[in-house]
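First up is the structure itself, then whatever we jot down about it.
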Amino acid sequence: MNTPSKSPQTRPRPTLSKDEILHQIGTLLESPEDDLHAALMKELLTGLLKLHDAGLDLLDLKIVNRAVKELRHAFGVFHGYRDRQKISIFGSARTPSDDPNYQLAYRFAQAVVQHGFMVITGGADGIMRAAQEGAGRENSFGVNIMLPFEQGPNATIADDPKLITFKYFFTRKLMFQKEANAIALFPGGFGTHDEGFEILTLAQTGKSDPQPIVCLQAPGCDYWDDWSAFVTEQLLNRKLINEEDLSLYTIVNSADAALEDILRFYRRYHSIRFVGRQMAMRLKKTISAEQLDQIQERFGDLLTEGRFELRGPLEEELDEPALRDLPRLVFSFNRRSASRLRQLINHLNGL
């Protein structure tokens with residue numbers, strides 16, 4: 001497997017000396033109590049000391065150490081691109097270049113880059129290579145996984161500083177979800193289903209922020225149609241999911257339709273933030289008083305108390321000055337109906 005070259009920003013720092021470690025700890029302990037960044041660092045340091053006292057097995061410590069190293073490096077790589085929207089693309093590493101779904105992945109990645117997005121793939125062959133060829137090296141991230149087969153980095157992303165190689169699937173999947181503003185699923189095997197169902201589970205349970213999830217299949221391909229029929233017949237009909245859960249994803253047959261679905265999601269909706277028990281839904285465009293009343297009537301089941309309120313930022317949101325001027329739909333969200341929340345977003349974008 002190729003090893004990615006290190007840019008000056010991502011090259012690992014030399015091991016700190018004992019005096020340097022003690023100096024950094026002393027500086028951290030003397031930081032002001034209201035410094036939230038320092039407070040979290042103190043908590044992390046305390047957690048490490050508790051690990052030392054817990055008498056864990058060496059393997060347990062190795063897992064913690066490796067996971068922290070992987071996340072630290074990955075966060076550092078993505079940090080410089082935090083202002084660019086990104087789309088995580090999943091699909092089979094075995095799809096050949098003459099497959100219509102390979103060509104669809106290429107066109108889709110090419111189209112989303114033209115609208116300012118970057119793409120994140122597993123960095124390997126098949127659908128992942130197609131997407132990164134379409135997006136181009138400069139607009140691509142690769143989050144590769146160490147496997148004895150299939151997963152060597154493709155030529156587009158190999159040796160790029162934006163290629164990250166993970167040992168653990170859980171740290172890798174965290175980055176796929178955390179950094180994405182949209183998800184695109186192409187036909188794939190067990191890995192694609194694992195990633196796709198985890199994305200849907202996080203969306204259904206409200207453990208991830210709302211985002212478009214688009215399932216792409218080439219014209220004449222019935223991969224996602226058959227999958228959706230299984231979901232409907234075996235999950236919905238057995239009451240293992242709710243009908244509104246089907247609104248979490250969309251099945252399309254073209255790159256244009258997939259791009260349209262993603263752009264429509266962000267037509268009016270911008271982002272959310274929880275402040276205590278209240279959700280502040282930031283909007284790119286305001287709505288009328290009449291439209292607010294319609295939302296109250298149609299989506300009142302999302303509330304634990306009170307009403308939907310159209311207003312400016314909550315006081316706690318003032319730490320995000322770039323978003324200060326966006327109108328907000330503020331309400332006490334029950335946190336149980338993430339799929340209904342997605343329907344509310346669809347309604348807002350359709351006004």
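Read the figures in this text as sums done on the coordinates, not as results from a lab. On a predicted model such as this, the values are computed, not experimentally measured, just so you know. Heads up, the Cβs are rebuilt from the backbone with ideal geometry, glycines too, and the neighbour counts pull from every protein chain shown.
Can you give the convex hull volume of the alpha carbon atoms of region 17-59 per residue, in Å³?
Values: hull volume 3.9 nm³, N = 43.
Given the Cα convex hull of region 17-59, per-residue volume reads 91 Å³.
Does region 39-185 classify as rounded, prolate or oblate by the C-alpha gyration tensor (a ≥ b ≥ c root eigenvalues; a/c under 1.5 gives rounded; else a/b over b/c gives prolate, otherwise oblate)? Show your work: numbers first, answer last.
Values: a/c = 3.03, a/b = 1.86, b/c = 1.63.
Prolate, since a/c reaches 1.5 and a/b exceeds b/c.
Please report, to two decimal places, log10 I(q)/I(0) for region 75-131 at q = 0.16, 0.22, 0.24, 0.30 Å⁻¹ as given by the Debye formula with identical point scatterers on the Cα atoms and no solvent.
Taken in order of the listed q values, log10 I(q)/I(0) reads -0.49, -0.81, -0.91, -1.15.
For the chain, what is the percent of antiparallel DSSP beta bridges, rounded to the nearest 5?
On the way: 15 of 35 bridges.
So the antiparallel bridges in the chain amount to around 45 percent.
Mind listing which GluC sites (Glu not before Pro) in region 116-153 are in a DSSP loop and have 15 or fewer other Cβ atoms within 10 Å?
On the way: sites: Glu133, Glu138, Glu150; in loops: Glu150.
Counting only loop positions with at most 15 other Cβ atoms within 10 Å, the GluC sites (Glu not before Pro) in region 116-153 are Glu150.
Please report, in whole Å, how far the alpha carbons of region 86-265 spread along each principal axis, starting with the longest.
48, 33, 29
With the cut-off at 18 Å, tell me which of the pairs Lys86/Lys173; Lys173/Lys239; Lys207/Lys284; Lys86/Lys162; Lys167/Lys207; Lys18/Lys69 have Cα atoms farther apart than that.
Numbers: Lys86/Lys173 15 Å; Lys173/Lys239 28 Å; Lys207/Lys284 23 Å; Lys86/Lys162 13 Å; Lys167/Lys207 24 Å; Lys18/Lys69 20 Å.
As for pairs spanning more than 18 Å Cα to Cα, those are Lys173/Lys239; Lys207/Lys284; Lys167/Lys207; Lys18/Lys69.
Hey, can you list the DSSP H helices of the chain whose Cα span along the axis is 30 Å or longer and whose average Kyte-Doolittle score is at least -0.5? Can you show the working numbers first?
Numbers: long enough: 58-79 (31 Å, 0.34).
For the chain, where a helix must reach 30 Å along its axis and average at least -0.5, the hits are 58-79.
Arrange the following residues from fewest to most other Cβ atoms within 10 Å of their Cβ: Val330, Val64, Val252. Let's see the in-between values first.
Values: Val330 22, Val64 14, Val252 19.
Taking fewest neighbouring Cβ atoms as first place, the list is Val64, Val252, Val330.
What does a probe at Ala54 reach in region 69-95, counting residues whose amide N is under 18 Å from the point 7 Å along Cα→Cβ?
Zone members listed by number: 69-72.
For region 269-350, count all C-alpha to C-alpha pairs, find those more than 15 Å apart, and express that count as a whole percent of the total.
Details: 1748 of 3321 pairs.
That fraction is 53 percent.
Please compute the alpha carbon radius of gyration of region 176-317, then divide it by the globular-protein estimate 2.2 N^0.38 Å. Two decimals is fine.
1.20
Can you compute the FRET efficiency between Glu316 and Arg66 using 1/(1 + (r/R0)^6), with r the Cβ-Cβ distance and R0 = 45 Å? Round to the nearest 0.05. It would help to have the intermediate numbers written out before the result.
On the way: r = 35 Å, r/R0 = 0.79.
Taking R0 as 45 Å, the efficiency between Glu316 and Arg66 is 0.80.
Along the principal axes of its C-alpha atoms, what lengths does the chain span, in descending order and rounded to whole Å?
Extents along the principal axes, in whole Å: 65, 55, 40.
Work out how much length Arg277 to Gln291 would gain on full extension: take 0.36 nm times their residue separation and subtract the Cα-Cα distance, in nm to one decimal.
Numbers: separation 14, 0.36 × 14 = 5.04 nm, distance 2.36 nm.
Once the chain is fully extended between Arg277 and Gln291, it gains 2.7 nm.
R0 = 30 Å: FRET efficiency of Lys284 with Asn237, Cβ-based, nearest 0.05? It would help to have the intermediate numbers written out before the result.
On the way: r = 38 Å, r/R0 = 1.26.
Using R0 = 30 Å, I get an efficiency of 0.20.
Can you show me the helix-derived [θ] at 222 nm for the chain, built from DSSP H runs with n ≥ 4 at -39,500 (n - 2.57) apiece and divided by the number of residues, rounded to the nearest 500.
Value at 222 nm, helices only, nearest 500: -13000 deg cm²/dmol.
Between Met41 and Met146, how high is the FRET efficiency from 1/(1 + (r/R0)^6) when r is the Cβ-Cβ distance and R₀ = 41 Å? Nearest 0.05.
E between Met41 and Met146, to the nearest 0.05, is 0.90.
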